[in-house]
Amino acid sequence: MSVTLDGIAARLAAERLEVLGGFAATAEEGLPVGTRTLLLIGPAEPGFWAHFTAGPEWNDDAPDPVDRWSRRVIGRLACDLGAKALFPFGGPPWHPFYQWALRCGTAWESPVRLLVHARQGLFFSARGALALKEVVEMPEAGRPPCESCTQPCLTACPAGALTGAGYDVPACHTFLDTPGGRDCLTGGCLVRRACPVSQSYARLAEQSAYHMGQFHT
């Protein structure tokens, strides 16, 4: 079976997923034996959240529905392709998804140090990765959008928890417990929403609210 980027993209589209980037792998990178290409997989908007919430994992009242859905869907595709599915959850050990994203040339470290993606902005979300035994040609790397941006992310956090110095997680949680944190909890992180690339990406507020709720439990 011939494995191509277009073919994989078509399979992913049926599940409202997309290839976020990829790179040629080497034997020294700690990936499964025989891996020649690593592809990062994430939600494709518009449409992902409605598709996911119509599935069995969202409706069975068991914990971690997004992770379980990701294992089922990406795992099945990996089996069909003769690949290995890897996930950013389920550790330790934890796979280095942050470093993998930087290798792809489609995601970069933002001014607030969160990953910023060429299409998703600060809403970057990898649900898994495919370790392929085939060489899959990837598009040329792009340029970081932050280079030509006024970088509103640096001043968007009302708690001062996300800055160029990094992420003060305790300060974020403290703020979310106040009335002022309500907007972040119901609409998503204001820093992520401030990114101009994020604003052009059709992620629903209810999806962001779900993830914020999981983060702040």
Quiz item: Is it true that ARG127 is at pLDDT 95 or above, within 30 Å of ILE8 (Cα to Cα), touching a Gly at 6+ places or on another chain (Cβ under 6 Å) and not acidic (Asp, Glu)?
Solution: yes
Quiz item: Among the residues of the stretch 142-155, how many are open to solvent by 70 Å² or more (accessible area, probe 1.4 Å) and under 15 Å from LEU102 (Cβ atoms)?
Solution: 1
Self-check item: Odd one out for ARG113 among (1) touching a residue at least 12 places away in the same chain (Cβ under 8 Å); (2) on the phi < 0 side of the Ramachandran plot
Solution: (2)
Self-check item: Residues satisfying the stated conditions in the stretch 156-180, i.e. part of a helix (DSSP H, G or I) and open to solvent by 70 Å² or more (accessible area, probe 1.4 Å)
Solution: PRO170, THR174, PRO179
Quiz item: Can you find a residue in the stretch 11-21 that is on the phi > 0 side of the Ramachandran plot, touching a strand residue (DSSP E or B) at 6+ places or on another chain (Cβ under 7 Å), open to solvent by less than 70 Å² (accessible area, probe 1.4 Å) and not hydrophobic (A, V, I, L, M, F, W, C)?
Solution: yes
Self-check item: Among (1) of a type in the set (D, E, K, R); (2) under 27 Å from LEU39 (Cβ atoms); (3) within 18 Å of the chain's Cα centre (by Cα), the one test that ARG143 misses
Solution: (3)
Quiz item: Within the set of pairs 6 or more residues apart or between chains, which connect a residue that is basic (Lys, Arg) inside the stretch 197-211 to a residue that is at pLDDT 95 or above and part of a helix (DSSP H, G or I) with Cβ atoms less than 8 Å apart?
Solution: ARG203/TRP49
Exercise. Return a yes/no flag: does the stretch 113-136 have any residue that is open to solvent by 10 Å² or more (accessible area, probe 1.4 Å) and assigned to a strand (DSSP E or B).
Key: yes
Exercise. Answer yes or no: is there a residue in the stretch 5-28 that is within 12 Å of LEU130 (Cβ to Cβ) and among the hydroxyl-bearing types (Ser, Thr, Tyr).
Key: no
Quiz item: Going by the structure shown, is LEU38 open to solvent by less than 80 Å² (accessible area, probe 1.4 Å), hydrophobic (A, V, I, L, M, F, W, C), assigned to a helix (DSSP H, G or I) and closer than 21 Å to VAL136 by Cα?
Solution: no
Exercise. Just name the residue that is most open to solvent (accessible area, probe 1.4 Å) out of those in the stretch 181-217 that are farther than 21 Å from HIS117 by Cβ and part of a helix (DSSP H, G or I).
Key: ARG182
Quiz prompt | Entirely in the stretch 43-95, the helices (runs of 4 or more DSSP H) that have 3 or more residues that are crowded, with 19+ Cβ neighbours inside 10 Å | solution = 48-53, 65-81
Quiz item: Checking PRO144 against (1) of a type outside the set (A, V, I, L, M); (2) within 24 Å of ARG71 (Cβ to Cβ); (3) out of contact with any helix residue (DSSP H, G or I) (no Cβ under 8 Å at 6 or more places or on another chain); (4) free of Cβ contacts under 8 Å to residues at least 40 places away in the same chain, which test does it fail?
Solution: (2)
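The values are calculated or read from the model by the stated rules, or taken from the named source; none is laboratory data. This one's a predicted model, so the numbers in the text were calculated from it and none came from an experiment. Note that we place each Cβ from the backbone using ideal geometry, even for glycine, and neighbour counts take in every protein chain shown. Ligands, DNA and RNA are excluded from the accessible area calculation, which covers all protein heavy atoms including side chains. Shrake-Rupley method; radii C 1.70, N 1.55, O 1.52, S 1.80 Å.
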